[in-house]
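Visitor: Have a look at this one.
The values are calculated or read from the model by the stated rules, or taken from the named source; none is laboratory data. Computed from a predicted model, the values in this text were never measured in an experiment. Here the Cβ is made from the backbone with ideal geometry for all residues, glycine too, and neighbour counts use every protein chain on show. To get the accessible areas, we keep the full protein, side chains included, count just its heavy atoms, and leave off ligands, DNA and RNA. Shrake-Rupley method; radii C 1.70, N 1.55, O 1.52, S 1.80 Å.
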Amino acid sequence: MAPWAPALLLLLLPSPLFGLPPRAADCPASCRCYSATVECGALRLRVVPPGIPPGTQTLFLQDNSIARLEPGALAPLPALRRLYLHNNSLRALEPGTFRTQPRLLELALTGNRLRGLRAGAFAGLTQLRVLYLAGNQLVHLLDFTFLHLLRLQELHLQENSIELLEGQALVGLASLALLDLSRNRLGTISHEALQPLVSLQVLRLTENPWRCDCALHWLGAWIKEGGQRLLSSRDKKIVCAEPPRLALQSLLDISGSSLICIPPSVHVEPLEVTANLGEDLRVACQASGYPQPLVTWRKVSQPRKEWPLAQAHPDGGVPRLGGHGAPDTGSGMLFLTNITLAHAGKYECEASNAGGAARVPFQLLVNLSQQQRLPPPPAAGPVSHEPLYEAGSMAFRALGLATQAAIAAAIALLTLTALLLAAMICRKRRQRKKEAGPPGEGVLFVNDYSDGPCTFAQLEELRDERGHEMFVIDRSKPLFAEGPPAEGLPDRAPAEGAAPGLLFPAPVAYEIHC
(Lines give C-alpha, C1' and ligand atoms only; values in the text may rest on other atoms or scores of the structure.)
Protein backbone atom coordinates (compact mmCIF):
# COMPACT_ATOMS: atom_id res chain seq x y z
CA MET A 1 0.00 0.00 0.00
CA ALA A 2 1.26 3.43 -0.77
CA PRO A 3 2.54 5.40 2.22
CA TRP A 4 -0.15 8.05 1.79
CA ALA A 5 -3.02 5.55 1.78
CA PRO A 6 -3.79 5.72 5.58
CA ALA A 7 -4.16 9.45 5.33
CA LEU A 8 -6.51 9.09 2.40
CA LEU A 9 -8.60 6.55 4.26
CA LEU A 10 -8.74 8.87 7.26
CA LEU A 11 -10.09 11.70 5.16
CA LEU A 12 -12.79 9.46 3.75
CA LEU A 13 -14.11 8.51 7.18
CA PRO A 14 -17.55 10.04 7.93
CA SER A 15 -17.54 12.95 10.31
CA PRO A 16 -20.00 11.42 12.83
CA LEU A 17 -17.07 9.37 14.18
CA PHE A 18 -15.73 12.63 15.58
CA GLY A 19 -19.04 13.65 17.15
CA LEU A 20 -19.69 16.55 14.71
CA PRO A 21 -22.77 16.87 12.51
CA PRO A 22 -22.21 16.71 8.80
CA ARG A 23 -21.81 20.09 7.08
CA ALA A 24 -23.89 20.53 3.96
CA ALA A 25 -22.14 21.62 0.84
CA ASP A 26 -24.25 24.82 0.65
CA CYS A 27 -23.93 25.74 4.33
CA PRO A 28 -22.57 29.28 5.03
CA ALA A 29 -18.96 29.56 6.10
CA SER A 30 -18.33 29.06 9.84
CA CYS A 31 -21.96 27.97 10.37
CA ARG A 32 -23.18 24.49 11.23
CA CYS A 33 -25.97 22.97 9.21
CA TYR A 34 -27.81 19.76 9.94
CA SER A 35 -31.26 18.54 8.98
CA ALA A 36 -33.38 21.73 8.64
CA THR A 37 -31.43 23.74 11.22
CA VAL A 38 -28.64 26.26 10.68
CA GLU A 39 -26.55 27.52 13.61
CA CYS A 40 -24.64 30.79 13.06
CA GLY A 41 -24.54 32.09 16.62
CA ALA A 42 -21.65 34.01 18.23
CA LEU A 43 -19.71 34.48 14.99
CA ARG A 44 -19.49 38.31 15.13
CA LEU A 45 -21.68 38.55 12.08
CA ARG A 46 -22.86 42.01 10.97
CA VAL A 47 -25.38 40.81 8.37
CA VAL A 48 -27.39 37.68 7.70
CA PRO A 49 -24.89 35.37 5.97
CA PRO A 50 -25.65 34.37 2.38
CA GLY A 51 -25.94 30.78 1.30
CA ILE A 52 -28.43 29.55 3.91
CA PRO A 53 -30.30 26.53 2.47
CA PRO A 54 -33.82 27.51 1.30
CA GLY A 55 -35.39 24.63 3.21
CA THR A 56 -34.11 25.85 6.59
CA GLN A 57 -36.81 25.81 9.26
CA THR A 58 -34.79 26.90 12.32
CA LEU A 59 -32.14 29.62 12.11
CA PHE A 60 -29.91 30.64 15.02
CA LEU A 61 -28.30 34.08 14.60
CA GLN A 62 -28.04 35.04 18.28
CA ASP A 63 -25.06 36.76 19.95
CA ASN A 64 -23.81 38.54 16.86
CA SER A 65 -23.50 42.23 15.85
CA ILE A 66 -26.30 42.46 13.30
CA ALA A 67 -27.53 46.07 13.35
CA ARG A 68 -29.95 45.95 10.44
CA LEU A 69 -31.93 43.38 8.49
CA GLU A 70 -31.29 44.33 4.90
CA PRO A 71 -34.32 44.29 2.56
CA GLY A 72 -34.65 40.84 1.07
CA ALA A 73 -32.15 39.27 3.45
CA LEU A 74 -34.74 36.67 4.56
CA ALA A 75 -36.49 36.37 1.21
CA PRO A 76 -34.74 33.05 0.28
CA LEU A 77 -36.11 31.42 3.47
CA PRO A 78 -39.87 30.95 2.97
CA ALA A 79 -39.94 27.70 5.02
CA LEU A 80 -38.59 29.33 8.17
CA ARG A 81 -40.44 28.35 11.37
CA ARG A 82 -38.18 29.68 14.12
CA LEU A 83 -35.83 32.65 13.96
CA TYR A 84 -33.56 33.58 16.86
CA LEU A 85 -32.01 37.04 16.60
CA HIS A 86 -31.61 37.79 20.31
CA ASN A 87 -28.57 39.65 21.65
CA ASN A 88 -27.72 41.54 18.51
CA SER A 89 -27.64 45.31 17.75
CA LEU A 90 -30.89 45.79 15.84
CA ARG A 91 -32.11 49.39 16.11
CA ALA A 92 -35.19 49.27 13.88
CA LEU A 93 -37.38 46.91 11.89
CA GLU A 94 -38.34 48.08 8.44
CA PRO A 95 -41.96 47.52 7.34
CA GLY A 96 -42.26 44.22 5.48
CA THR A 97 -39.05 42.72 6.86
CA PHE A 98 -40.76 39.37 7.54
CA ARG A 99 -43.27 39.46 4.71
CA THR A 100 -41.75 36.35 3.07
CA GLN A 101 -42.00 34.23 6.28
CA PRO A 102 -45.70 33.31 6.45
CA ARG A 103 -44.89 30.06 8.31
CA LEU A 104 -42.84 31.62 11.10
CA LEU A 105 -44.05 30.46 14.53
CA GLU A 106 -41.47 31.92 16.93
CA LEU A 107 -39.45 35.14 16.66
CA ALA A 108 -36.86 36.11 19.28
CA LEU A 109 -35.68 39.74 19.25
CA THR A 110 -34.72 39.95 22.93
CA GLY A 111 -31.69 42.02 23.97
CA ASN A 112 -31.43 44.30 20.95
CA ARG A 113 -31.56 48.12 20.73
CA LEU A 114 -35.03 48.63 19.31
CA ARG A 115 -36.35 52.10 20.25
CA GLY A 116 -39.64 51.90 18.41
CA LEU A 117 -41.81 49.63 16.29
CA ARG A 118 -43.14 50.98 13.01
CA ALA A 119 -46.51 50.11 11.59
CA GLY A 120 -46.16 47.08 9.35
CA ALA A 121 -42.98 45.81 11.00
CA PHE A 122 -44.65 42.39 11.55
CA ALA A 123 -46.70 42.31 8.37
CA GLY A 124 -46.91 38.82 6.89
CA LEU A 125 -46.48 36.90 10.16
CA THR A 126 -49.98 35.52 10.15
CA GLN A 127 -48.91 32.24 11.84
CA LEU A 128 -46.66 33.70 14.54
CA ARG A 129 -47.33 32.28 18.01
CA VAL A 130 -44.55 33.69 20.24
CA LEU A 131 -42.85 37.11 20.00
CA TYR A 132 -39.96 38.03 22.31
CA LEU A 133 -39.25 41.78 22.53
CA ALA A 134 -37.90 41.92 26.08
CA GLY A 135 -34.74 43.80 27.00
CA ASN A 136 -34.92 46.44 24.29
CA GLN A 137 -35.28 50.25 24.54
CA LEU A 138 -38.93 50.63 23.57
CA VAL A 139 -40.59 53.78 24.94
CA HIS A 140 -43.95 54.13 23.14
CA LEU A 141 -46.22 51.45 21.72
CA LEU A 142 -48.25 53.15 19.02
CA ASP A 143 -51.71 52.26 17.76
CA PHE A 144 -51.99 49.14 15.55
CA THR A 145 -48.40 48.03 16.14
CA PHE A 146 -49.39 44.34 16.32
CA LEU A 147 -52.35 44.48 13.96
CA HIS A 148 -51.12 41.63 11.72
CA LEU A 149 -50.42 39.09 14.50
CA LEU A 150 -53.86 37.49 14.55
CA ARG A 151 -52.67 34.17 16.04
CA LEU A 152 -50.07 35.47 18.48
CA GLN A 153 -50.35 33.77 21.88
CA GLU A 154 -47.39 35.19 23.84
CA LEU A 155 -46.07 38.74 23.78
CA HIS A 156 -43.03 39.44 25.97
CA LEU A 157 -42.39 43.16 26.48
CA GLN A 158 -40.74 43.13 29.91
CA GLU A 159 -37.55 45.04 30.76
CA ASN A 160 -38.06 47.88 28.31
CA SER A 161 -38.63 51.60 28.98
CA ILE A 162 -42.28 51.72 27.93
CA GLU A 163 -43.99 54.87 29.24
CA LEU A 164 -47.00 55.03 26.96
CA LEU A 165 -49.29 52.28 25.71
CA GLU A 166 -51.72 53.90 23.29
CA GLY A 167 -55.36 52.89 23.42
CA GLN A 168 -55.28 50.76 20.25
CA ALA A 169 -51.72 49.47 20.41
CA LEU A 170 -52.89 45.90 21.10
CA VAL A 171 -55.67 45.82 18.53
CA GLY A 172 -55.61 42.57 16.55
CA LEU A 173 -54.31 40.36 19.36
CA ALA A 174 -57.54 38.42 19.82
CA SER A 175 -55.63 35.16 20.41
CA LEU A 176 -53.14 36.56 22.94
CA ALA A 177 -52.97 34.48 26.13
CA LEU A 178 -49.90 35.99 27.86
CA LEU A 179 -48.90 39.66 28.03
CA ASP A 180 -45.83 40.62 30.03
CA LEU A 181 -45.41 44.36 30.65
CA SER A 182 -43.45 44.09 33.88
CA ARG A 183 -40.33 46.14 34.66
CA ASN A 184 -41.13 49.08 32.42
CA ARG A 185 -41.95 52.74 33.13
CA LEU A 186 -45.71 52.62 32.86
CA GLY A 187 -47.51 55.14 35.06
CA THR A 188 -50.97 54.29 33.84
CA ILE A 189 -52.83 52.02 31.44
CA SER A 190 -56.27 52.46 29.98
CA HIS A 191 -59.08 49.97 30.02
CA GLU A 192 -59.43 50.54 26.29
CA ALA A 193 -55.91 49.22 25.70
CA LEU A 194 -56.69 45.78 27.20
CA GLN A 195 -60.18 45.35 25.77
CA PRO A 196 -59.00 43.64 22.52
CA LEU A 197 -57.35 40.86 24.58
CA VAL A 198 -60.40 38.63 24.81
CA SER A 199 -58.31 35.44 25.22
CA LEU A 200 -55.93 36.80 27.85
CA GLN A 201 -54.98 34.34 30.63
CA VAL A 202 -51.78 35.78 32.12
CA LEU A 203 -51.11 39.49 32.70
CA ARG A 204 -47.92 40.79 34.30
CA LEU A 205 -47.81 44.46 35.34
CA THR A 206 -45.43 44.48 38.31
CA GLU A 207 -42.41 46.73 38.86
CA ASN A 208 -43.79 49.77 37.11
CA PRO A 209 -43.99 53.29 38.66
CA TRP A 210 -47.79 53.33 38.82
CA ARG A 211 -49.56 56.65 39.36
CA CYS A 212 -52.57 55.78 41.47
CA ASP A 213 -55.22 58.30 40.45
CA CYS A 214 -58.69 58.19 38.95
CA ALA A 215 -57.28 56.76 35.68
CA LEU A 216 -56.39 53.49 37.49
CA HIS A 217 -59.70 53.17 39.29
CA TRP A 218 -60.90 50.70 36.65
CA LEU A 219 -57.85 48.45 37.06
CA GLY A 220 -58.33 47.98 40.79
CA ALA A 221 -62.04 47.29 40.34
CA TRP A 222 -61.37 44.91 37.43
CA ILE A 223 -58.82 42.88 39.38
CA LYS A 224 -61.14 42.61 42.39
CA GLU A 225 -64.11 41.57 40.28
CA GLY A 226 -62.63 38.94 37.99
CA GLY A 227 -59.15 39.81 36.87
CA GLN A 228 -57.48 37.99 39.73
CA ARG A 229 -57.46 34.84 37.68
CA LEU A 230 -55.02 36.55 35.32
CA LEU A 231 -52.56 37.48 38.04
CA SER A 232 -50.36 35.22 40.09
CA SER A 233 -49.76 36.01 43.75
CA ARG A 234 -46.63 37.94 42.78
CA ASP A 235 -48.32 39.77 39.91
CA LYS A 236 -51.09 41.10 42.20
CA LYS A 237 -48.59 43.40 43.94
CA ILE A 238 -49.20 46.50 41.84
CA VAL A 239 -47.46 49.11 44.00
CA CYS A 240 -48.14 52.86 43.70
CA ALA A 241 -45.24 55.25 43.11
CA GLU A 242 -47.31 58.45 43.34
CA PRO A 243 -48.97 60.56 44.65
CA PRO A 244 -46.74 60.73 47.72
CA ARG A 245 -49.62 60.01 50.11
CA LEU A 246 -50.22 56.65 48.40
CA ALA A 247 -46.62 55.72 47.63
CA LEU A 248 -45.58 52.11 48.32
CA GLN A 249 -49.18 51.03 48.84
CA SER A 250 -50.78 48.23 46.85
CA LEU A 251 -53.44 49.31 44.38
CA LEU A 252 -55.75 46.55 45.66
CA ASP A 253 -55.56 47.95 49.20
CA ILE A 254 -56.62 51.48 48.26
CA SER A 255 -60.26 52.48 48.24
CA GLY A 256 -61.72 53.89 45.05
CA SER A 257 -62.51 57.22 46.74
CA SER A 258 -58.79 57.81 47.29
CA LEU A 259 -57.99 57.54 43.60
CA ILE A 260 -58.70 61.12 42.61
CA CYS A 261 -57.82 63.51 39.78
CA ILE A 262 -57.77 67.31 39.67
CA PRO A 263 -59.24 68.65 36.41
CA PRO A 264 -56.91 71.00 34.54
CA SER A 265 -57.10 74.77 34.51
CA VAL A 266 -55.56 76.84 31.72
CA HIS A 267 -54.21 80.37 31.62
CA VAL A 268 -52.93 82.28 28.55
CA GLU A 269 -51.67 85.85 28.83
CA PRO A 270 -52.25 87.94 26.76
CA LEU A 271 -55.30 86.63 24.95
CA GLU A 272 -54.61 88.77 21.85
CA VAL A 273 -51.29 89.71 20.24
CA THR A 274 -50.50 91.90 17.22
CA ALA A 275 -47.26 90.90 15.49
CA ASN A 276 -45.36 92.30 12.53
CA LEU A 277 -44.41 90.34 9.44
CA GLY A 278 -41.22 88.35 9.82
CA GLU A 279 -41.21 88.41 13.60
CA ASP A 280 -41.05 85.41 15.92
CA LEU A 281 -43.72 84.83 18.54
CA ARG A 282 -43.90 82.80 21.72
CA VAL A 283 -47.10 82.34 23.68
CA ALA A 284 -47.14 80.37 26.92
CA CYS A 285 -50.12 78.29 27.96
CA GLN A 286 -49.88 77.58 31.67
CA ALA A 287 -51.82 74.51 32.83
CA SER A 288 -52.22 72.92 36.24
CA GLY A 289 -53.95 69.81 37.48
CA TYR A 290 -53.34 66.23 38.55
CA PRO A 291 -52.12 64.21 36.83
CA GLN A 292 -50.00 66.69 34.92
CA PRO A 293 -52.10 67.82 31.92
CA LEU A 294 -51.10 67.40 28.32
CA VAL A 295 -51.11 70.85 26.64
CA THR A 296 -52.14 71.03 22.99
CA TRP A 297 -52.20 74.06 20.66
CA ARG A 298 -54.23 74.15 17.46
CA LYS A 299 -55.60 76.66 15.01
CA VAL A 300 -59.38 76.88 15.36
CA SER A 301 -59.94 76.56 11.61
CA GLN A 302 -58.43 73.08 11.70
CA PRO A 303 -60.70 70.12 12.58
CA ARG A 304 -60.15 68.72 16.03
CA LYS A 305 -59.53 65.20 14.71
CA GLU A 306 -56.33 66.42 13.04
CA TRP A 307 -54.76 67.18 16.40
CA PRO A 308 -52.07 67.39 17.64
CA LEU A 309 -50.41 70.20 15.78
CA ALA A 310 -48.50 71.32 18.84
CA GLN A 311 -48.16 69.41 22.06
CA ALA A 312 -46.18 69.94 25.22
CA HIS A 313 -46.31 68.76 28.79
CA PRO A 314 -46.15 71.55 31.33
CA ASP A 315 -43.12 69.85 32.82
CA GLY A 316 -41.25 70.50 29.56
CA GLY A 317 -41.80 69.25 26.05
CA VAL A 318 -41.31 69.82 22.35
CA PRO A 319 -44.09 71.96 20.89
CA ARG A 320 -44.62 72.32 17.14
CA LEU A 321 -47.19 73.94 14.92
CA GLY A 322 -47.76 73.35 11.24
CA GLY A 323 -44.12 73.07 10.28
CA HIS A 324 -43.32 76.53 11.69
CA GLY A 325 -42.63 75.43 15.23
CA ALA A 326 -39.38 74.84 17.01
CA PRO A 327 -38.42 73.12 20.26
CA ASP A 328 -38.85 75.16 23.42
CA THR A 329 -38.20 74.36 27.04
CA GLY A 330 -41.16 76.38 28.33
CA SER A 331 -44.40 74.86 29.52
CA GLY A 332 -47.04 74.56 26.81
CA MET A 333 -45.22 77.04 24.59
CA LEU A 334 -46.52 77.97 21.15
CA PHE A 335 -43.56 79.08 19.04
CA LEU A 336 -44.16 80.71 15.63
CA THR A 337 -41.21 81.76 13.48
CA ASN A 338 -41.11 84.22 10.57
CA ILE A 339 -44.74 85.25 10.89
CA THR A 340 -46.76 85.65 7.67
CA LEU A 341 -50.39 86.49 6.96
CA ALA A 342 -51.16 82.76 7.01
CA HIS A 343 -50.47 82.69 10.76
CA ALA A 344 -53.18 85.22 11.55
CA GLY A 345 -56.36 83.89 13.12
CA LYS A 346 -57.79 82.22 16.19
CA TYR A 347 -55.91 79.58 18.15
CA GLU A 348 -56.91 77.35 21.05
CA CYS A 349 -54.88 75.94 23.90
CA GLU A 350 -56.27 72.77 25.44
CA ALA A 351 -55.06 71.01 28.57
CA SER A 352 -56.34 67.52 29.29
CA ASN A 353 -55.81 64.76 31.82
CA ALA A 354 -57.81 61.89 33.24
CA GLY A 355 -59.93 64.39 35.17
CA GLY A 356 -61.15 66.33 32.13
CA ALA A 357 -60.14 69.06 29.70
CA ALA A 358 -60.05 72.87 29.59
CA ARG A 359 -59.58 75.25 26.66
CA VAL A 360 -58.63 78.91 26.24
CA PRO A 361 -58.87 80.90 22.94
CA PHE A 362 -56.06 83.08 21.65
CA GLN A 363 -56.17 85.68 18.83
CA LEU A 364 -53.18 86.51 16.60
CA LEU A 365 -53.27 89.64 14.41
CA VAL A 366 -50.62 90.37 11.79
CA ASN A 367 -49.76 94.02 11.20
CA LEU A 368 -49.52 94.93 7.47
CA SER A 369 -49.03 98.67 6.79
CA GLN A 370 -48.54 100.66 3.58
CA GLN A 371 -44.79 100.78 4.19
CA GLN A 372 -44.61 97.03 4.23
CA ARG A 373 -45.94 96.55 0.71
CA LEU A 374 -43.50 95.60 -1.99
CA PRO A 375 -41.87 98.61 -3.76
CA PRO A 376 -42.76 99.26 -7.44
CA PRO A 377 -40.32 97.98 -10.08
CA PRO A 378 -37.46 100.43 -10.68
CA ALA A 379 -37.63 102.65 -13.78
CA ALA A 380 -34.96 102.63 -16.45
CA GLY A 381 -31.94 104.68 -15.51
CA PRO A 382 -29.30 104.78 -12.83
CA VAL A 383 -31.65 106.27 -10.22
CA SER A 384 -32.84 103.71 -7.67
CA HIS A 385 -36.41 103.89 -6.36
CA GLU A 386 -35.87 101.36 -3.60
CA PRO A 387 -37.42 102.66 -0.35
CA LEU A 388 -35.15 103.63 2.49
CA TYR A 389 -36.09 102.17 5.85
CA GLU A 390 -35.51 104.26 8.93
CA ALA A 391 -34.62 102.48 12.14
CA GLY A 392 -37.83 103.61 13.83
CA SER A 393 -40.20 102.92 10.97
CA MET A 394 -42.63 100.02 10.90
CA ALA A 395 -41.15 98.83 7.60
CA PHE A 396 -37.74 98.49 9.24
CA ARG A 397 -39.22 96.61 12.17
CA ALA A 398 -40.95 94.29 9.73
CA LEU A 399 -37.58 93.14 8.44
CA GLY A 400 -36.21 89.97 9.92
CA LEU A 401 -33.79 90.10 12.82
CA ALA A 402 -30.95 88.94 10.61
CA THR A 403 -31.65 91.72 8.05
CA GLN A 404 -31.83 94.38 10.75
CA ALA A 405 -28.56 93.17 12.21
CA ALA A 406 -26.90 93.27 8.77
CA ILE A 407 -28.07 96.87 8.16
CA ALA A 408 -26.83 97.99 11.57
CA ALA A 409 -23.48 96.30 10.96
CA ALA A 410 -23.13 98.02 7.57
CA ILE A 411 -23.85 101.45 9.11
CA ALA A 412 -21.31 100.82 11.86
CA LEU A 413 -18.73 99.74 9.27
CA LEU A 414 -19.24 102.89 7.20
CA THR A 415 -18.90 105.06 10.31
CA LEU A 416 -15.70 103.30 11.29
CA THR A 417 -14.29 103.73 7.78
CA ALA A 418 -15.00 107.49 7.86
CA LEU A 419 -13.27 107.81 11.23
CA LEU A 420 -10.23 105.94 9.96
CA LEU A 421 -9.99 108.17 6.88
CA ALA A 422 -10.19 111.30 9.04
CA ALA A 423 -7.47 109.96 11.31
CA MET A 424 -5.23 109.19 8.33
CA ILE A 425 -5.67 112.73 6.93
CA CYS A 426 -4.78 114.30 10.27
CA ARG A 427 -1.76 112.05 10.56
CA LYS A 428 -0.54 113.02 7.07
CA ARG A 429 -0.84 116.72 7.92
CA ARG A 430 1.11 116.27 11.11
CA GLN A 431 3.84 114.39 9.25
CA ARG A 432 4.12 117.19 6.69
CA LYS A 433 4.49 119.74 9.44
CA LYS A 434 7.20 117.64 11.10
CA GLU A 435 9.10 117.19 7.81
CA ALA A 436 9.03 120.95 7.05
CA GLY A 437 12.30 122.87 7.49
CA PRO A 438 12.99 125.63 9.97
CA PRO A 439 10.83 128.77 9.85
CA GLY A 440 11.53 130.95 6.87
CA GLU A 441 13.10 128.22 4.72
CA GLY A 442 12.47 128.90 1.01
CA VAL A 443 11.22 132.47 1.60
CA LEU A 444 13.30 135.56 1.03
CA PHE A 445 12.88 138.19 3.72
CA VAL A 446 14.18 141.64 2.85
CA ASN A 447 14.97 143.73 5.90
CA ASP A 448 17.15 146.32 4.23
CA TYR A 449 15.14 149.54 3.98
CA SER A 450 18.09 151.66 2.89
CA ASP A 451 16.67 152.04 -0.56
CA GLY A 452 13.14 152.73 0.59
CA PRO A 453 9.90 150.78 1.02
CA CYS A 454 8.47 148.23 -1.33
CA THR A 455 4.98 147.27 -2.43
CA PHE A 456 3.22 144.18 -3.83
CA ALA A 457 3.76 145.64 -7.27
CA GLN A 458 7.52 145.15 -6.83
CA LEU A 459 7.26 141.55 -5.59
CA GLU A 460 7.84 138.70 -7.98
CA GLU A 461 6.64 135.25 -6.91
CA LEU A 462 9.13 132.43 -7.51
CA ARG A 463 9.48 128.77 -6.54
CA ASP A 464 12.76 126.97 -6.02
CA GLU A 465 13.62 123.41 -7.06
CA ARG A 466 11.99 121.95 -3.93
CA GLY A 467 8.73 123.76 -4.65
CA HIS A 468 9.13 126.32 -1.88
CA GLU A 469 7.44 129.65 -2.46
CA MET A 470 9.40 132.91 -2.20
CA PHE A 471 9.06 136.56 -3.18
CA VAL A 472 11.84 138.64 -4.75
CA ILE A 473 11.84 142.45 -4.85
CA ASP A 474 12.25 143.94 -8.27
CA ARG A 475 13.37 147.53 -7.73
CA SER A 476 13.14 148.27 -11.41
CA LYS A 477 9.34 148.28 -11.15
CA PRO A 478 7.58 151.44 -9.92
CA LEU A 479 6.50 151.56 -6.32
CA PHE A 480 2.85 151.92 -7.44
CA ALA A 481 1.32 150.80 -10.68
CA GLU A 482 0.62 153.53 -13.17
CA GLY A 483 -2.94 154.19 -14.19
CA PRO A 484 -5.22 156.80 -15.68
CA PRO A 485 -6.21 159.68 -13.48
CA ALA A 486 -9.30 159.15 -11.46
CA GLU A 487 -12.41 160.68 -12.84
CA GLY A 488 -13.82 163.67 -11.04
CA LEU A 489 -10.57 164.54 -9.34
CA PRO A 490 -8.89 167.87 -10.09
CA ASP A 491 -5.53 167.84 -11.65
CA ARG A 492 -2.91 168.40 -9.01
CA ALA A 493 0.86 168.62 -9.22
CA PRO A 494 2.70 165.65 -7.87
CA ALA A 495 3.99 166.07 -4.40
CA GLU A 496 7.64 166.37 -3.71
CA GLY A 497 9.34 163.02 -3.31
CA ALA A 498 6.55 161.12 -5.02
CA ALA A 499 7.39 158.54 -7.62
CA PRO A 500 6.16 158.91 -11.17
CA GLY A 501 2.77 157.40 -11.86
CA LEU A 502 1.57 157.80 -8.26
CA LEU A 503 -2.22 157.79 -8.06
CA PHE A 504 -2.44 159.04 -4.51
CA PRO A 505 -0.33 161.46 -2.58
CA ALA A 506 2.81 160.02 -1.07
CA PRO A 507 1.56 160.26 2.55
CA VAL A 508 -1.28 157.90 1.65
CA ALA A 509 1.07 155.11 0.44
CA TYR A 510 1.21 151.94 2.58
CA GLU A 511 4.55 150.39 3.27
CA ILE A 512 4.66 146.61 2.91
CA HIS A 513 7.58 144.79 4.49
CA CYS A 514 8.54 141.59 2.74
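Visitor: Between a residue in segment 23-41 that is closer than 12 Å to Thr56 by Cα and modelled with pLDDT of 90 or more and any residue that is among the hydroxyl-bearing types (Ser, Thr, Tyr) and part of a strand (DSSP E or B), which pairs come within a Cβ distance under 7 Å, given they are 6 or more apart or on different chains?
Guide: Final answer for the pair search is Ala36/Thr58; Thr37/Thr58.
Visitor: Considering every residue within segment 60-68, establish whether at least one is β-branched (Val, Ile, Thr), closer than 16 Å to Cys40 by Cα, out of contact with any helix residue (DSSP H, G or I) (no Cβ under 9 Å at 6 or more places or on another chain) and in a loop (DSSP other than H, G, I, E, B).
Guide: Yes, the conditions are met somewhere in segment 60-68.
Visitor: What number of residues within segment 232-247 are in contact with a helix residue (DSSP H, G or I) (Cβ under 9 Å, 6 or more places away or on another chain), open to solvent by 50 Å² or more (accessible area, probe 1.4 Å) and part of a loop (DSSP other than H, G, I, E, B)?
Guide: Count: 2.
Visitor: Quick check on my filter: what residues within segment 198-231 are assigned to a helix (DSSP H, G or I) and open to solvent by less than 40 Å² (accessible area, probe 1.4 Å)?
Guide: If the condition is that a residue be assigned to a helix (DSSP H, G or I) and open to solvent by less than 40 Å² (accessible area, probe 1.4 Å), then Ala215, Leu216, Leu219, Gly220, Ala221, Ile223, Gly227, Leu230 are the ones that fit.
Visitor: Right, here's the next one. Can you tell me which residues in segment 141-165 are closer than 19 Å to Thr206 by Cα and free of Cβ contacts under 8 Å to residues at least 40 places away in the same chain?
Guide: Leu141, Glu154, Leu155, Leu157, Glu159, Asn160, Ser161, Ile162, Glu163, Leu164, Leu165
Visitor: Moving on to the next point. For Thr97, state whether it is of a type in the set (Ser, Thr, Tyr), touching a residue at least 24 places away in the same chain (Cβ under 8 Å) and under 25 Å from Asp26 (Cα atoms).
Guide: yes
Visitor: I've got another one for you. Residue by residue through segment 243-288, note down the ones that are among the aliphatic types (A, V, I, L, M) and under 30 Å from Glu225 (Cβ atoms).
Guide: Residues satisfying the conditions are Leu246, Ala247, Leu248, Leu251, Leu252, Ile254, Leu259, Ile260, Ile262.
Visitor: Here's another thing I want to ask about it. With the requirement that a residue be within 39 Å of the chain's Cα centre (by Cα) and of a type in the set (Gly, Ala, Ser), what does segment 214-249 give you?
Guide: Ala215, Ala241, Ala247
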